[in-house]
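Dumping the structure here so I can ask a few things about it.
The values are calculated or read from the model by the stated rules, or taken from the named source; none is laboratory data. Quantities reported herein were computed from a predicted structural model and do not represent experimental measurements. Note: ideal-geometry Cβ built from the backbone for every residue, glycine included; neighbour counts use all protein chains shown. Each accessible area value is taken on the protein alone, full model and side chains, heavy atoms only, with ligands, DNA and RNA left out. Shrake-Rupley method; radii C 1.70, N 1.55, O 1.52, S 1.80 Å.
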Amino acid sequence: MGAQNPEAKYNVQIYDFEGIRPLLEKDNDTTYVINFWATWCSPCVREIPYFDKINSKFAEKKVKVILISLDFPNQYDTRLIPFLKERQIKSRVILLDDPRANRWIPLVSEKWTGAIPATLIYNSHGKEFYQKVFTYEELENEVLKFISN
Amino acid sequence: MKKFVLFLSLVAFSTTTLISQGYTIGDKAEDFRLKNVDGTMVSMADYPDAKGFVIIFSCNHCPFVVATEDRMIDLHNKYAPKGYPVIAINPNDPEVQPQDSFEKMIIRAIEKNFPFAYLFDEGQKVYPKFGATHTPHVFLLNKSGDDLIVEYIGAIDDNTRDASQVEEHYLANAIDALLAGEKPAVTETRAIGCTIKVKK
């Protein structure tokens, strides 16, 4: 039904941390690239096309990108959805609405101080956390390490 | 191939050091001398009566900073008279984030009528010593003899976005503990913030 309706494509789900937690702990044949970002974070916004490119380029290699937005929920309609439409983002996007960050940041990674952008790459063989800004080449190199395992 | 391996190890190295550098609880903090929005140069040594400092790496542009500015003002107004003034430091490179220029810091300080010093980490020499990674990022220092000891690192409280929903006042609790002559019960917390902007 979504294919007929361009609006539905950008109907981003809103979860608290318990809602997204299963996405960080899947044990199957897929490599998950989870990026924490926000539309107001300029280095994040620069990286978003790189993640989207990874999502399409490596889809056959069972790589899935999930973009977890930390935008303020009251900017869902005014910023997040227009941004995704304008950039034609194809990856799955989830809005994480959970202000008790001190509880859930360490559950994503003990290494994460809370700065965004932040990225988690994992599959059933391993897991790596990155508190950094990627170039496309750096990101692809990291993903390749996981899918050549 | 050798070059490629070297490159990969460099990337791995920079990733880990980015996260782990800087002060940990119990470390001695070095003083700094940075330009304030009023044009003067400010050091912690300029506050001989202070018992310690609330150092907050801050900036103009970050929505999580904007959401907490009023709390920074309230904290300063409450705790500066008790010996723990707030000192805010903007660590961002304005060439990367033009909203965080010194001129715009002055405008923001006037708009919000900041009662505390708002310093510019020109040349980005100070924030790496602390190990600040984002704004807002708090370091609570306590004087012990001639030393300034790091006693708390992290968030102002448990709800950056919405002051009315705060349940745990981590920073205020830590300062209250120091005022009572005790160690803070919670010494490290985390919150989402804007990564410090550095030229590539």
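Residues in the stretch A:109-118 that are open to solvent by 10 Å² or more (accessible area, probe 1.4 Å) and either closer than 13 Å to residue A:14 by Cα or of a type in the set (Val, Ile, Thr) (or both): how many?
Adding up the residues that qualify gives 1.
Restricting to the stretch B:1-27, name every residue that is modelled with pLDDT of 95 or more, more than 14 Å from chain A (Cβ to nearest Cβ) and exposed (fewer than 14 other Cβ atoms within 10 Å of the Cβ).
B:26
Working only within the stretch B:28-73, note down all residues that are in a helix (DSSP H, G or I), open to solvent by 70 Å² or more (accessible area, probe 1.4 Å) and either farther than 29 Å from residue A:43 by Cα or touching a Cys at 6+ places or on another chain (Cβ under 9 Å) (or both).
B:45, B:46
May I ask you to say which residue of B:158, B:147 is at pLDDT 95 or above, touching a Lys or Arg at 6+ places or on another chain (Cβ under 8 Å) and within 14 Å of chain A (Cβ to nearest Cβ)? Steps first, please.
Values: B:147 fails: within 14 Å of chain A (Cβ to nearest Cβ).
Checking each option against the conditions leaves just B:158.
Right, another one. Restricting to the stretch B:156-200, count the residues that are outside any loop (DSSP other than H, G, I, E, B) and not β-branched (Val, Ile, Thr). Outline the logic, then answer.
Of the residues in the stretch B:156-200, the ones outside any loop (DSSP other than H, G, I, E, B) are B:163-165, B:170-179, B:188, B:193-195.
Filter once more, so that each one left must be not β-branched (Val, Ile, Thr): B:163-165, B:170-174, B:176-179, B:188, B:193-194.
The qualifying residues number 15.
Name the single residue that is nearest to the chain's Cα centre (by Cα) among those in the stretch A:84-103 being more than 7 Å from chain B (Cβ to nearest Cβ) and closer than 19 Å to residue B:163 by Cα.
Ranking the qualifying residues of the stretch A:84-103, first place goes to A:96.
Next question, about the same structure. So in the stretch A:16-42, with the set limited to residues that are in a strand (DSSP E or B) and within 14 Å of chain B (Cβ to nearest Cβ), which one is nearest to residue A:142 (Cα to Cα)?
A:35
So, of the residues in the stretch B:106-121 that are farther than 23 Å from residue B:78 by Cα and under 17 Å from the mean Cα position of the chain (by Cα), which turns out to be most open to solvent (accessible area, probe 1.4 Å)?
Here the residue is B:120.
Ok, one more. Residue A:132 versus (1) modelled with pLDDT of 95 or more; (2) closer than 16 Å to residue A:51 by Cβ; (3) surrounded by 16 or more Cβ atoms within 10 Å (Cβ to Cβ): which is the lone unmet condition?
Condition (1) is where residue A:132 drops out.
With A:121, A:147, A:81, A:68 as the choices, which residue is buried (at least 17 other Cβ atoms within 10 Å of the Cβ) and away from every other protein chain (no Cβ under 13 Å)?
From the options A:121, A:147, A:81, A:68, the qualifying one is A:81.
Of the residues in the stretch A:135-144, how many are surrounded by 13 or more Cβ atoms within 10 Å (Cβ to Cβ), more than 15 Å from residue A:62 (Cβ to Cβ) and not polar (S, T, N, Q)?
Count: 5.
With (1) without any contact (Cβ under 8 Å) to a residue 40 or more places away in the chain; (2) within 12 Å of chain A (Cβ to nearest Cβ) as the list, and residue B:180 as the residue in question, which single condition is left unmet?
For residue B:180, the failing item is (2).
Hey, another quick one. Inside the stretch A:84-99, can you point out the residues that are more than 25 Å from residue A:147 (Cβ to Cβ) and open to solvent by less than 10 Å² (accessible area, probe 1.4 Å)?
Scanning the stretch A:84-99 gives A:84, A:95, A:96.
Looking at the stretch B:122-155, which of the residues that are assigned to a loop (DSSP other than H, G, I, E, B) and among the charged types (D, E, K, R) is farthest from the chain's Cα centre (by Cα)?
B:146
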